[in-house]
Amino acid sequence: MSERDRIRWRCRRGLLELDLVLEAFLARGYGRLDAGQRRLFDELLERPDNDLLDLALGRSEPEPRYRSVVELLRVDEGLAPAGRAGTA
């Protein structure tokens, strides 16, 4: 199984809304992540569905180490200004 397939499988969640957000991010944004950001994204996928959805939708703020990845996820969903993506 390729790394991309493994991540795609891990993005299948129990919440339809989260599935849609993560599927869209994989299609449009995941390729922009560098190796370090991909590791952080993989760590984010360890979070419970509701916590991850809250981060993606901007209802909660990420820990500083995850900020750049979460902001890219939010930009992909149109929830953060593009100029802020990737800033710490």
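The values are calculated or read from the model by the stated rules, or taken from the named source; none is laboratory data. What you see is a predicted model; the values in this text were computed from it and never measured. Counting neighbours? That spans all protein chains shown, and the Cβs are built from the backbone with ideal geometry, glycine included.
Between Leu20, Leu52, Leu15, which is modelled with pLDDT of 90 or more and either under 10 Å from the mean Cα position of the chain (by Cα) or surrounded by fewer than 12 Cβ atoms within 10 Å (Cβ to Cβ) (or both)? Lay out the reasoning, then the answer.
Working: Leu20 fails: either under 10 Å from the mean Cα position of the chain (by Cα) or surrounded by fewer than 12 Cβ atoms within 10 Å (Cβ to Cβ) (or both); Leu15 fails: either under 10 Å from the mean Cα position of the chain (by Cα) or surrounded by fewer than 12 Cβ atoms within 10 Å (Cβ to Cβ) (or both).
Exactly one residue qualifies, and that residue is Leu52.
Does the stretch 15-33 contain at least one residue that is among the hydroxyl-bearing types (Ser, Thr, Tyr) and in a loop (DSSP other than H, G, I, E, B)?
Initial filter on the stretch 15-33 (among the hydroxyl-bearing types (Ser, Thr, Tyr)): 30.
From what's left, in a loop (DSSP other than H, G, I, E, B): none.
For the stretch 15-33, residues among the hydroxyl-bearing types (Ser, Thr, Tyr) and in a loop (DSSP other than H, G, I, E, B): absent.
Which condition from (1) surrounded by 13 or more Cβ atoms within 10 Å (Cβ to Cβ); (2) at pLDDT below 95; (3) in a helix (DSSP H, G or I) is the one that Arg67 breaks?
The one condition Arg67 does not meet is (2).
Going by the structure shown, is Asp5 of a type in the set (D, E, K, R) and loosely packed, with under 11 Cβ neighbours inside 10 Å? Quick ask: steps written out before the conclusion?
On the way: of a type in the set (D, E, K, R): yes; loosely packed, with under 11 Cβ neighbours inside 10 Å: yes.
Yes: the conditions hold for Asp5.
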